[in-house]
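Taking it in order: structure first as structure tokens, then the write-up.
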Amino acid sequence: MRFDRMIARPVLVLAAIAAMLVLASFGHVWLALCGACYAMLLALIAADRRKIARLARQNEKLAQSVNLLELSERLAGVGRWRYDARNGRHHWSPDMCAILGLEAIARPKADFVAKIMGDGLDALSTTFARHQCDEEPFLVEFEIARPDGDYRLLRARARNQFDDSGAVAQVLMAVRDVTEDYEQARRLKDEQQRALESAKRAEQLANTDPLTGLSNRRFAMSQIDRSIVVARQQDSDLSLIVFDLDHFKQINDTYGHVAGDAVLVRVAKLARLLFPETDVVARFGGEEFVCMLTGADATVAQEFAERLRWSIESGSATDGVPGCTASIGHATLGQGESSLMLFARADAALYEAKEAGRNQVRMARDNPSDTNVDGAALSPRSATGL
């Protein structure tokens, strides 16, 4: 008999002892023993009632805690998933079953779990094996197939519980359905990609001549400015070729502007094919074009210009429209020369080619006599054009 039970009701115990002594003094030993036993029985019953009441209160608090936990899970959209590594069984909370699209199944059978999870079961097992020694929580992500055929992506925060031998006894997981989050992130990424592509197209349109697809004047001059800076840093050459189609107005007047546009497109293709992809080929307006050659001195520029002149003369004809010729001028970057100064010298050489009879190439003079405020020669045409 436990001592705490004997003293559970001190008053009754003392009363029992007193009664036993009184009865014993009168010679009623058996009655005294029976009375003492009855008193102690009453004390034990009272102690058990208090324990029952205490257990009832504890059960009530536990039920409240469980209800609060389930409510928190429901509000947070989280389900509890417990995997028992000792027998391979899975245990799902009611909210976990709701995430899976199922009625409440506390302990689903292995074949049912395999059917629901499909390939996701392999992913789950692989992740468990990879983290079997981890004492800190780890993330798990896998797919499941609901009974209605809807595939869902689940993400869980898992933690191992180890037995006395150090082996994983069970894995506890708090699981969320992140399918909508994933879809929203994918849509956002797609929207960002479309926005980037739209911005790229807008930039390309802003930098491109709409008829020929070549760079326009604004973009070409900015590229030439940057290339000049690089050429000076690397102490390398840079040349500019400017060409203009001869008697182009007669083509428009004779064959129409549609035919004239076709000639411009054809010439643009010929020029673009001739020059390196990294170099600038641009339409500056009308029938005037500019080509930049990086790393090219005057000799190389002369060779490219002659090849360009011959290519246009022999290959610019289009359906029903005869070909044309081009007058070409070129200049090589000088000491302290800006892009506008370089362009002005090449343009002046182009004007000299036209004055000499067209369909010719002219190299710019190194020491032009007529200079603008920047020190660059201006031809009569470029003096008004710039």
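The values are calculated or read from the model by the stated rules, or taken from the named source; none is laboratory data. Quick caveat: nothing in here was measured; it's all calculated off a predicted structure. Here the Cβ is made from the backbone with ideal geometry for all residues, glycine too, and neighbour counts use every protein chain on show.
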Across segment 148-161, what is the number of residues that are small (Gly, Ala, Ser) and either at pLDDT 90 or above or under 22 Å from Asn87 (Cβ atoms) (or both)? 2
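Just to be sure, is Asp209 modelled with pLDDT of 90 or more and among the acidic types (Asp, Glu)? Walk me through it before giving the result.
Numbers: modelled with pLDDT of 90 or more: yes; among the acidic types (Asp, Glu): yes.
It is true that Asp209 is modelled with pLDDT of 90 or more and among the acidic types (Asp, Glu).
If I filter segment 346-365 down to residues being part of a helix (DSSP H, G or I) and without any contact (Cβ under 8 Å) to a residue 40 or more places away in the chain, which single residue comes out as nearest to Glu306 (Cα to Cα)? Let's see the steps before the verdict.
Initial filter on segment 346-365 (part of a helix (DSSP H, G or I)): 346-355.
So of that shortlist, the ones also without any contact (Cβ under 8 Å) to a residue 40 or more places away in the chain come out as 348, 351-353, 355.
Numbers: Ala348: 17, Tyr351: 16, Glu352: 15, Ala353: 12, Glu355: 17 Å.
The extreme case among them is Ala353.
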Limited to segment 133-152, what total is found for residues that are more than 28 Å from the chain's Cα centre (by Cα) and not charged (D, E, K, R)? 3
Can you tell me which condition Val113 does not meet? The list is (1) surrounded by fewer than 19 Cβ atoms within 10 Å (Cβ to Cβ); (2) not in a strand (DSSP E or B), and all the others hold. (1)
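Does segment 318-333 hold any residues that are part of a loop (DSSP other than H, G, I, E, B) and surrounded by 15 or more Cβ atoms within 10 Å (Cβ to Cβ), and which are they?
Once the filter is applied, which keeps residues that are part of a loop (DSSP other than H, G, I, E, B) and surrounded by 15 or more Cβ atoms within 10 Å (Cβ to Cβ), segment 318-333 yields Gly323, Cys324, Thr325, Leu333.
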Residue selected from segment 349-374 under the condition at pLDDT 95 or above and of a type in the set (S, T, N, Q), by the criterion farthest from Asp297 (Cα to Cα): Asn359
Just checking, does segment 131-147 include any residue being at pLDDT below 90, surrounded by 12 or more Cβ atoms within 10 Å (Cβ to Cβ) and among the polar types (S, T, N, Q)? yes
Any residue in segment 202-223 that is crowded, with 18+ Cβ neighbours inside 10 Å, in the same structural domain as Ala298 (by TED's automatic domain parsing), touching a Pro at 6+ places or on another chain (Cβ under 9 Å) and not charged (D, E, K, R)? yes
Can you tell which of Gln170, Gln184 is of a type in the set (S, T, N, Q) and out of contact with any Lys or Arg (no Cβ under 7 Å at 6 or more places or on another chain)? Gln184
I need the full set of residues from segment 267-293 which are crowded, with 19+ Cβ neighbours inside 10 Å and of a type in the set (Val, Ile, Thr), in order please. Val267, Val280, Val281, Val290
Going residue by residue through segment 210-233, is there one that turns out to be in contact with a helix residue (DSSP H, G or I) (Cβ under 8 Å, 6 or more places away or on another chain) and at positive phi? yes
Wholly within segment 188-298, which helices (runs of 4 or more DSSP H) include no fewer than the required count, namely at least 1 residues that are in contact (Cβ under 8 Å) with a residue 12 or more places away in the chain and more than 40 Å from the chain's Cα centre (by Cα)? 248-255, 257-274
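Sort out which residues of segment 90-104 are assigned to a loop (DSSP other than H, G, I, E, B) and more than 17 Å from Arg157 (Cβ to Cβ), and write them in order of number. Can you show your working first?
Let us first name the residues in segment 90-104 that are assigned to a loop (DSSP other than H, G, I, E, B), namely 93, 100-104.
Listed by number, the residues that qualify are Leu100, Gly101, Leu102, Glu103, Ala104.
If you check Leu62 against the conditions, is it modelled with pLDDT of 65 or more and either farther than 20 Å from Ala158 by Cα or outside any helix (DSSP H, G or I) (or both)?
no
So, Asp177, is that one buried (at least 17 other Cβ atoms within 10 Å of the Cβ), farther than 20 Å from Ser125 by Cβ and touching a residue at least 12 places away in the same chain (Cβ under 8 Å) or not? If you could, list the steps in order and put the result at the bottom.
On the way: buried (at least 17 other Cβ atoms within 10 Å of the Cβ): yes; farther than 20 Å from Ser125 by Cβ: yes; touching a residue at least 12 places away in the same chain (Cβ under 8 Å): yes.
For Asp177, the condition - buried (at least 17 other Cβ atoms within 10 Å of the Cβ), farther than 20 Å from Ser125 by Cβ and touching a residue at least 12 places away in the same chain (Cβ under 8 Å) - is met.
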